[in-house]
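Trainee: Sending over a structure as structure tokens; questions will come in a sec.
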Amino acid sequence: MKLYITFVLVFLMGTTHVFSQNDVDSLKRLLNSATSPAKKLPILVQLGNIMENEDLAKAKDYYLSAIEIGEQLKDTTLYKMYLNVGRVFANTPNYDSASVYFEKAFQYCVSNGILHCKARSLMMKAYVSRETSKLDESIEFNLEALSILLELKDSIGIARAYEEISCDLYRKGKADEAMEYALISIDIAEKVNAEPQLIYSLSAAGNAALLIPDGKLAYDYYDKAIKQSIKLGYPEANIALLYNDRGNALKYQGRFEDAILDYKKVIASTGNSRMGMAEAMAEANLGDVYMKMKDYPQALTYKLKSVKRQEEAGMKSNLIENYLHISNIYEEMGNYALSLEFHKKYSAIKDTIMSTEKDAKFSELLTKYETVEKDSRLAVQQAQISRQSTVQLAIIGVVAALIFILFLLYRNYLNKQKLNAALSKTNSLLGAKNNENELLLKEIHHRVKNNLQTISSLLNLQSANISDVGALEAVKESQSRVSSMALIHQKLYQGERLAAVEMKDYFNTMGESIFDSFGIKSLNVAFKVEMDNLELDVDTAIPVGLIVNELITNSLKYAFPDGREGLVQLSLNADQYQNIELKIKDNGIGINAEEKSVKQSGFGTRLVQLLTMQLEGEMEQSTNDGITTIIRFKRGLKAA
């Protein structure tokens, strides 16, 4: 699974003490015999703490009952109850409800001036923001918490804040920055002997190491975190996710058998309601390992179990990748009907999530617009009141002298009002027309994308009935070219600018799609886009996209035979004179003179040459240490 699909339940754990059933029964008897709400309150809280390690639903009920009593009694620890039930909702996961209770805790702490609680509430709010992909908001909350903790000189809290910011940077893919904050957190935790916090800090460093990427370094950090947890006597269920993380590090190193042992430890140590997501993640990772080992029946078994749990929990973002993996597994097993069925699920949920993100962005912009509009109306009203007061005072002093002047001003005012009304009407019509044209253009791009995707789907269906290897390969290559053009139109109607395509994001998305289409054959090959954000007009972006599609496809087909590991690198850069350089490099087996003469006569090679001529560019190719292709051309329309 991709690195960002890492649950952080360890961050939200409640009590780590082990309680027997006798403890629970004793507390229940005390609760039943309690004669007043004040006596029931601490018992409910303690039962909630115990149940967080056993049954999240029961823990939630105990905490909600405690909150009801705490609000009636105006208890001074009410904020802790809000944080407790918010933590349970977050671990369910039910982020909407978690956010409500974290916000209640925050407002309570702000109103009562409890700074340490305010900082803790901010970090809890940041957790929800991070898990709902609002990474900038999460960083903002954690930085605010850090400033409070620095003011309080709370060393353990400061270490926690640095660890949380490291998690934010990890999710954003910023490896070096994430590692820097994690190491600061480790250093502080070790200096003040904060042993529980040290576990989280070491885990954050392990996550950052996987991004660098350095599987051995990541393994060392995760292993230290596990040993620290065992030293503190934590139950295995509470450190299950660390075993999963260590398994990821082992998987990255190619130590598949060892990784399987760690993933199976996760499954063996779970089994209650609070760890269902951990089990789903471990099952999905086991499926990944068995895919790499080409044991497709085993991979399918674990992937289907994981998907079932994810569907029940509504974990849509994780389902995207797992649907695609199941589709690839069925394809490798020759079951094309089920492969197509899961590929449709993958496409449907991917489009749904993109649409949801787009709707959320629209709501955010609408809220900002309404706020600005409201402030503007208030300012206009205040200005009008001020002008009216001034006029009234002037009339009182010099009524006779100003009658004629007021008459002229009034007539001038009417004329201006008429002109303003006419201008306003014209501007409204022009604005409406512009909006209509923009919507129409977006709809055109949307329909072009849909039509191209329909063609791609038809080619995919047709390929299932083709037995000739050469014909099948030609159809799949055509399908890939159609998909690269469809992606251009998708980026155009989803972006804020209709005349330009942001190429870095486009290359990342297209590269992921091409690698996914090769299924198991691309698992040992990494793909890296090394460039700054750069926009191109659509007439330039389409041939560039087709060239990149051809060259990446060629690398995956020829450069890494027999499961060879490797790297495909891509960059697109422009200098101050608008000269653009496109570079695609792989570190594969290269090509000899005989192969070169054969492949240069192929359709893909001729297509790249024709597209280079269309761009009025020049192409050079080097076969040292793999194949490097460089195409230089002038930017056409300046889209940026």
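The values are calculated or read from the model by the stated rules, or taken from the named source; none is laboratory data. Just so we're clear, the structure is a prediction, and the values are computed from it rather than from any experiment. No Cβ is skipped: glycine too gets one built from the backbone with ideal geometry, and neighbour counts run over all protein chains shown.
Trainee: Is it the case that segment 584-591 has a residue that's in the same structural domain as Glu530 (by TED's automatic domain parsing), of a type in the set (D, E, K, R) and at pLDDT below 90?
Mentor: Taking segment 584-591 and keeping what is in the same structural domain as Glu530 (by TED's automatic domain parsing), we get 584-591.
Retained after the next criterion (residues that are of a type in the set (D, E, K, R)): 585-586.
In the following step, the residues that additionally are at pLDDT below 90 were identified as none.
Scanning segment 584-591 turns up no residue that is in the same structural domain as Glu530 (by TED's automatic domain parsing), of a type in the set (D, E, K, R) and at pLDDT below 90.
Trainee: When segment 536-551 is examined, which residues are found to be at pLDDT below 90 and under 27 Å from Ala175 (Cβ atoms)?
Mentor: none
Trainee: I need the full set of residues from segment 541-559 which are surrounded by 22 or more Cβ atoms within 10 Å (Cβ to Cβ) and either part of a strand (DSSP E or B) or among the hydroxyl-bearing types (Ser, Thr, Tyr) (or both), in order please.
Mentor: Ser555
Trainee: For the list (1) within 19 Å of Leu122 (Cβ to Cβ); (2) buried (at least 17 other Cβ atoms within 10 Å of the Cβ), I need the number of the one condition that Ile69 fails.
Mentor: Condition not satisfied by Ile69: (1).
Trainee: Run Ala98 past the list (1) of a type in the set (Gly, Ala, Ser); (2) surrounded by 16 or more Cβ atoms within 10 Å (Cβ to Cβ); (3) on the phi > 0 side of the Ramachandran plot and report the number of the one that doesn't hold.
Mentor: (3)
Trainee: Quick check, is Thr76 assigned to a loop (DSSP other than H, G, I, E, B), out of contact with any helix residue (DSSP H, G or I) (no Cβ under 9 Å at 6 or more places or on another chain) and either closer than 28 Å to Cys109 by Cβ or modelled with pLDDT of 85 or more (or both)?
Mentor: So Thr76 does not fit the description; no.
Trainee: Tally time: how many residues in segment 485-498 are modelled with pLDDT under 70 and either surrounded by fewer than 21 Cβ atoms within 10 Å (Cβ to Cβ) or small (Gly, Ala, Ser) (or both)?
Mentor: Total satisfying the criteria: 6.
Trainee: How many of the residues making up segment 11-42 are modelled with pLDDT of 85 or more and among the β-branched types (Val, Ile, Thr)?
Mentor: Number of matching residues: 1.
Trainee: Could I ask something else about it? Can Ala90 be described as within 16 Å of Met124 (Cβ to Cβ) and either at pLDDT below 90 or touching a strand residue (DSSP E or B) at 6+ places or on another chain (Cβ under 7 Å) (or both)? So that I can check it myself, show each step before the final result.
Mentor: Numbers: within 16 Å of Met124 (Cβ to Cβ): yes; either at pLDDT below 90 or touching a strand residue (DSSP E or B) at 6+ places or on another chain (Cβ under 7 Å) (or both): yes.
Taking the combined requirement at face value, the residue satisfies it.
Trainee: In this structure, does Leu567 turn out to be at pLDDT 85 or above and either touching a helix residue (DSSP H, G or I) at 6+ places or on another chain (Cβ under 9 Å) or crowded, with 18+ Cβ neighbours inside 10 Å (or both)?
Mentor: In short, no.
Trainee: Among the residues of segment 80-139, which ones are more than 23 Å from the chain's Cα centre (by Cα) and in contact (Cβ under 8 Å) with a residue 40 or more places away in the chain? Break it down into steps so the answer makes sense when it comes.
Mentor: Filtering segment 80-139 down to residues more than 23 Å from the chain's Cα centre (by Cα) leaves 80-85, 101, 104-120.
Leu83, Asn84, His116, Ala119 - these are the residues of segment 80-139 that are more than 23 Å from the chain's Cα centre (by Cα) and in contact (Cβ under 8 Å) with a residue 40 or more places away in the chain.
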